[in-house]
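Reviewing the structure listed below.
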Amino acid sequence: MQYFLVVLGCQMNQSDAERVHAIMGKMGFSQADKEEQASVIGVIACSVRQKAIDKVYSKISKWNRWKRKCPLITFVSGCILPDDHRKFLQLFDLVFDMKELSALPMMLAQYGVSSPLSGMATPAALHESIIDKGGRTIFTGLKPVAKQKQPPQTWEVEPVYNSRFEAFIPIQNGCNKFCTYCAVPYTRGREVSRPSAEIISEVRSLVTKGYRSITLLGQNVNSYGLDRKGNELSFAQLLHAVGAISDSQPDVWIYFTSPHPLDMTRDVIETIASHPSLAKQIHLPIQSGDDEVLERMNRRHTVARYREVAGWIRELLPTATLFTDIIVGFSGETDAQFENTRNAVREFGYNMAYIAMYSPRPGAASFQWSDNVPHTVKKQRYATLTGDLEHVAARHTNQLAGTTVKMLVRGYDRKPGYLTGHTEGRIVVRFPSTDDTLIGAFANVTIESATPFSVEGTLAK
Ligand code: SF4
């Protein structure tokens, strides 16, 4: 029996996918190379970009055509807005919340897919069900939390890691921030922190196995523990515990993404400074460099607050690289407000910024507002800001020329005959080699040339 999984969107979905693979593997399924070979096809959807959702609709209409010729079961989970959820119910055999993942064998059993796990009915206690006309039990969703003994979470499923040297560990799910352009609080729900004992145990197991790069994941990692205040570690305490385990290992870089400037505390930065294994790279989304735009975005931080946090990073982690996310052309953004974002890019001297042109997302608050910055203006702002970013980022990469950097080799580069990877600060490095035994190991590379976002060199002797 073979299955095929389409994974769209962010690292959180990639992490969820590792748990879907684990469940399918335990059911006796193997991964198909092509979707045509599979008898079960699943999608982990992303609602952040319309393109990703359009892709799901186009895929399912193709798969439903295939069903006329061969038996096929389809399912969808991930970040799904209520409107799409309603439509998917008509198109997919199964639509479920990632929190219900442990019940997937039981749900598939309703379609005649049997496995040793199908009878594991513990999740049934957590689900509402109805009997359809054919006598099948249809699981209609999770019971209200009050009726459950314990609400499940995706992280309760042990993952099958995609990589033998880098891994993502979910530490929290959901978001309480409600940025006006974002639908995540509606698709993933409110913040829930994973028990720290589980996180620490997963980190310990990975570092013992020799993993080189581990990323703690959450929508708002630094509000970790706030939903269980008094009963759970703070984010800084969690980092300290993770750092203490990892420091004793020969070589590992521990990252986290994404923090929110509002919840960032000085002790988080102090903790990173005090543990060699906690990577000196911070991804701190700013989204806009203008306070009025930040307010309309409901970001709940100002540029001054961001400056305070960036100041701690520069003071306590002088070698750290700084990454960010920026939206250009948000509803109502004026030329002067965009200029403030350009000023922020210059002031904070980012090594990388993921710049997006604003597009309204159904389900997000700003979807009701006029998308009144013309596309040509958004494109112009995107190009201008990319130019500014290249300018500031090049200051750092140019300084690497002539030095020898430590990098994690991650795989083959697009440039034939080259391997690629990144430094602790996640600066991309490539060097000529086809020795695949280096993949997954650290290497030292002497840098000979630089572009704004990457450097190139040769293996140091
Ligand atoms: S902090 Fe804002 S952008 Fe990030 S997930 Fe929450 S609502 Fe979305």
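Bear in mind these aren't lab numbers, they're just calculated from the coordinates by the rules spelled out. Just so it is clear, the model here is predicted, and its values are computed rather than measured. FYI the Cβ positions are ideal-geometry reconstructions off the backbone, even for glycines, and counts take in every protein chain you see.
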Checklist entry - If amide H atoms are built 1.01 Å from N in the plane of the peptide, which residues on other chains or at least 5 residues away come under 5 Å of the amide H of LEU216? => result ILE169, TYR255, PHE256, THR257
Checklist entry - So which trypsin sites (Lys or Arg not before Pro) in region 215-272 are both in a DSSP loop and have at most 16 other Cβ atoms within 10 Å of their Cβ? => result none
Checklist entry - Do any chymotrypsin sites (Phe, Trp or Tyr not before Pro) in region 294-387 lie in a loop, going by DSSP, with at most 15 other beta-carbon atoms within 10 Å of their beta carbon, and if so which? => result TRP369
Checklist entry - Using the alpha-carbon atoms, what tilt in degrees (0 to 90, nearest 10) does helix 335-348 show relative to the longest principal axis of the chain? => result 70 degrees
Checklist outcome for this item: Cα-Cα longer than 27 Å, checked against LYS59/LYS99; LYS51/LYS87; LYS55/LYS406; LYS99/LYS177; LYS177/LYS229, kept in input order, equals LYS55/LYS406
Item to check | No Cys partner within the rule (Cβ under 4.7 Å), the chain | outcome: CYS10, CYS46, CYS70, CYS79, CYS175
Checklist entry - What shape does region 280-392 take by its C-alpha gyration tensor, where a ≥ b ≥ c are the square roots of the eigenvalues and a/c under 1.5 counts as rounded, a/b above b/c as prolate, and the rest as oblate? => result prolate
Checklist entry - By how many degrees, 0 to 90 and rounded to 10, does the Cα axis of helix 82-91 deviate from the longest principal axis of the chain? => result 50 degrees
Checklist outcome for this item: Label model pair PHE178, ASN64: point-to-point distance (7 angstrom along the Cα→beta-carbon line) in nm is 3.5 nm
Checklist outcome for this item: Helix 303-316 sits off the longest principal axis of the Cα atoms of the chain, rounded to the nearest 10 on a 0 to 90 degree scale, by 70 degrees
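Which of rounded, prolate, oblate describes region 151-203, given a ≥ b ≥ c as roots of the alpha-carbon gyration tensor eigenvalues and a/c under 1.5 marking rounded, otherwise prolate only if a/b is larger than b/c? Provide the component values of the computation, followed by the final result.
Values: a/c = 2.46, a/b = 1.78, b/c = 1.38.
Note, shape of region 151-203 comes out prolate.
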Item to check | trypsin sites (Lys or Arg not before Pro) within region 5-77, DSSP loop, no more than 11 other Cβ atoms inside 10 Å | outcome: LYS34, ARG68, LYS69
Checklist outcome for this item: In terms of the alpha carbon gyration tensor, root eigenvalues a ≥ b ≥ c, rounded if a/c is under 1.5 and otherwise prolate when a/b exceeds b/c or oblate, the chain is prolate
Item to check | Label-to-label distance, nm, for residues given as ASN372 and VAL192 (7 Å Cα→Cβ offset) | outcome: 4.0 nm
Checklist entry - In the chain, what percentage of the DSSP-assigned beta bridges are antiparallel, given to the nearest 5? => result 40 percent
Checklist entry - How large is ³J(HN,Hα) for each residue in region 263-276, as worked out from phi by the Karplus curve 6.51 cos²θ - 1.76 cosθ + 1.60 (θ = phi - 60°), to whole Hz, x for Gly and Pro? => result 8, 6, 10, 4, 5, 5, 5, 4, 5, 4, 5, 8, 10, x
